[in-house]
Amino acid sequence: MSQETHNFQAETKRLLDLMIHSLYSNKDIFLRELISNASDALDKRRFAALTEPAIAEDNLHIRLDVDTPTRTLSIRDNGIGMTKEDLVNNLGTIARSGTKEFLEQVSKSDAQSRPDLIGQFGVGFYSSFLVANQVTVVSRKAGTTLAHKWVSTGDGSYTIETVDDAPVGTTVSLLLKPANDDEGIGDYTNTWTLRQLVQKYSDFVAYPIITQQRKAPTGDGDDKTIEFEDKTLNSMKAIWMRPEKEVTDEEYQQFYRHLTHDWHDPAGRVLTKIEGTIEARALLFVPSTAPRDLFRPDMSRAGVHLYVKRIFILDECTELLPNYLRFVKGVVDAEDLPLNVSREVLQSNGQVRVIKRQLVKKTVEWFAKKLTDDRAGYEALWKEFGAVLKEGLLHTPERNEKVLDLVLATSVQKTGSLISLQEYADACKPEQEAIYYLTSPTADLALNSPHLEAFKAKGIDVLIFTDPVDEMWLQDNHEGFGGKKFVAADGSDVKLPEGEEAKKATEENKATFADLLSAVRASLQDDVKDVRLSDRLTNSAACLISDKGDMTPQMERLMRLSGQNVPRTKRILEINPTHPAVLKLQERCKSDKDSSGFKDLTTLLYGQALLAEGGHLENPAAFAKLVTELMARA
């Protein structure tokens, strides 16, 4: 048969140029696409052999052959092959997919016997022109005797002719462009380069991907003999596809190290299978130690690798796990997903959300089980990842109330031990309606805070939170936990139970200390919002509290760290009417409240209250000078 020349039926040369030069951002992707097509062809032959035993083949494989002198790379499979009409229809029409048609034909077949096919767009083949000046396809369909050759330089046309003696299957031969780092074109005649690409994109293809590799020379001198041997480039071991009971812990650990390059063993794994409107499998790992870039959004990378039918698609798939689980590593392998046409970007839709919900559910359940079954192990993980997990409690679309069950905090009553919210709630007296907490830069600083004195005296526990995110989620959480609201121990709305005698004493003190409160308020009007008597102090002379609705010092600090110019919020100064220093100040107030000496004493009272909670003085040198002068006068 003479050679025939055809024009591409669906698109012009301009559109083909656009696809070749703009569709794929990474030129290495061409090998993934051609291997995917070859894998599809092998699946089709295996499926067809169920009803046509004569075309069965026991040694289904994909072969990569390199001819270095001519710079030719061939991808050959012994799959179903194509007729002339198939070549014209599938390769001569852009965006026509033989795979898609085949799936439509077998849609009514038994799901157990239906093959898994990758190509859904009919454009992956054209990625060949990213790296090749000319593409030649020779194909012979199983069960036929004629083979045909299709040739194109990507100029908008192609030729097709009959050839002799071609084996069953398809061979795609690429006349490669010169390697060029600036254009992102590698040396695809290099066996090591091919091995790297196969292991990255196609390692878990179910069929062996074979190439010929040089063996070590034998003999001496001029008698050295160079021999070649076949080498399988892919592992074909998609560990997530195997039943968990058939995989050893060591195999999982080896896969984790291969996936993450983290040489610490993972703390645990999460395996899940999604069935229904969408089918997918996932194998996720929880690391035992936090990466150094965990809190660097500009450096931290998503840990989920996305596969579609065991073909690698993305290594940083941010759409499949929320940001508060960014430390989780693993793979998700879906049967079908809404990728963009170049299969480099995952399009968000209902299927993606279904997978994401399942992954989040299973991961949070794993942490909950760890908390119950291995408390010491969970506490170690909480110290590594607790601050990130609590980002899931922020008032965002990703908010997950189930993370509340995972939260641990330092207990004041239990001498700094970590307890859960449920454990706190279970230990509360029936009349306690709030979960009291205190945020602080460190637990040691909070444990010695004057704000806790009344709580300790009354036997009421307080939880200490030390992560920056705590200030935000605690203020956002209006529902509380277990029917109890979150109340800040250093807030103005703390209402601790008190007896009738204590209430009577409070009323009497208001009258007794009215002049002192007024004088201190006038003296510190530039620093405080109000001055009042305290019922939360037992040992300290004074403390500062935040008024309801005002920004807390911790929130101010966070805002400033983020680069925002936040005005200083005046707070309320509470003084202890039973403290000797306050009683002496009361005496001084009666005699010379308008003197500079009284002003100095109130400044000292305010400064020590600020320092006691870990705050920062605006003018430390002036405060130190004042302390020195008062010491000299004493």
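Within segment 476-507, being open to solvent by less than 80 Å² (accessible area, probe 1.4 Å), of a type in the set (D, E, K, R) and not in a loop (DSSP other than H, G, I, E, B) holds for Asp476, Lys484.
If you check Arg532, Arg521 for being surrounded by fewer than 19 Cβ atoms within 10 Å (Cβ to Cβ) and assigned to a helix (DSSP H, G or I), only one passes: Arg521.
Restricting attention to segment 405-420 and to residues that are in a loop (DSSP other than H, G, I, E, B) and out of contact with any Ser or Thr (no Cβ under 6 Å at 6 or more places or on another chain), the residue that is most open to solvent (accessible area, probe 1.4 Å) turns out to be Thr415.
Residue-wise test of (1) within 17 Å of Asp526 (Cβ to Cβ); (2) at pLDDT below 85.
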| site | (1), (2) |
| --- | --- |
| Leu573 | yes, no |
| Ser591 | no, yes |
| Gln608 | no, no |
| Thr628 | no, no |
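Of the residues in segment 439-466, how many are acidic (Asp, Glu) and open to solvent by 50 Å² or more (accessible area, probe 1.4 Å)?
In the first step, residues of segment 439-466 are kept if they are acidic (Asp, Glu); the result is 444, 453, 461.
Okay, now just the ones that are also open to solvent by 50 Å² or more (accessible area, probe 1.4 Å), so 444.
Result for segment 439-466: 1.
Filter segment 421-435 down to residues that are under 20 Å from Leu406 (Cβ atoms) and open to solvent by less than 40 Å² (accessible area, probe 1.4 Å), then give me how many there are. Break it down into steps so the answer makes sense when it comes.
First, the residues of segment 421-435 that are under 20 Å from Leu406 (Cβ atoms): 421-428, 435.
Within this subset, residues satisfying the condition of being open to solvent by less than 40 Å² (accessible area, probe 1.4 Å) are 421, 424-425, 428, 435.
Number satisfying all stated conditions: 5.
Every residue, every condition in (1) touching a Leu at 6+ places or on another chain (Cβ under 8 Å); (2) not charged (D, E, K, R), yes or no:
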{"residue": "Val412", "(1), (2)": "yes, yes"}
{"residue": "Thr415", "(1), (2)": "no, yes"}
{"residue": "Glu433", "(1), (2)": "no, no"}
{"residue": "Pro468", "(1), (2)": "yes, yes"}
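Annotation: Asp535 fulfils all but one of (1) farther than 19 Å from Ser449 by Cβ; (2) modelled with pLDDT under 90; the unmet one is (1). For segment 162-185, a residue qualifies if it is farther than 18 Å from Ser74 by Cβ and not in a loop (DSSP other than H, G, I, E, B), and the qualifying residues are Thr162, Asn180, Asp181, Asp182, Glu183. Among the residues making up segment 594-616, those that are open to solvent by 40 Å² or more (accessible area, probe 1.4 Å) and assigned to a loop (DSSP other than H, G, I, E, B) are Asp594, His616. For segment 421-446, taking the residues that are in contact with a helix residue (DSSP H, G or I) (Cβ under 7 Å, 6 or more places away or on another chain) and part of a strand (DSSP E or B), the one that is farthest from Lys458 (Cα to Cα) is identified as Thr439.
Would you kindly identify the strands (runs of 3 or more DSSP E) lying entirely within segment 228-307 that contain at least 1 residues that are farther than 30 Å from Lys215 by Cβ? It would help to see each step written out before you state the result.
Working: elements: 228-232, 268-274, 280-286.
Of the strands (runs of 3 or more DSSP E) lying wholly inside segment 228-307, those with at least 1 residues that are farther than 30 Å from Lys215 by Cβ span 268-274, 280-286.
Only one of the numbered conditions (1) of a type in the set (A, V, I, L, M); (2) open to solvent by 30 Å² or more (accessible area, probe 1.4 Å); (3) over 30 Å from Ala502 (Cα atoms); (4) touching a helix residue (DSSP H, G or I) at 6+ places or on another chain (Cβ under 9 Å) is not met by Ala634, and that is (4). Evaluated against (1) under 29 Å from Glu250 (Cβ atoms); (2) over 31 Å from the mean Cα position of the chain (by Cα); (3) at pLDDT below 85, Tyr207 falls short on exactly one condition, (3).
The values are calculated or read from the model by the stated rules, or taken from the named source; none is laboratory data. These figures come from a predicted structure and were not determined experimentally. Heads up, the Cβs are rebuilt from the backbone with ideal geometry, glycines too, and the neighbour counts pull from every protein chain shown. For accessibility, only protein heavy atoms count, side chains too; no ligands or nucleic acids. Shrake-Rupley method; radii C 1.70, N 1.55, O 1.52, S 1.80 Å.
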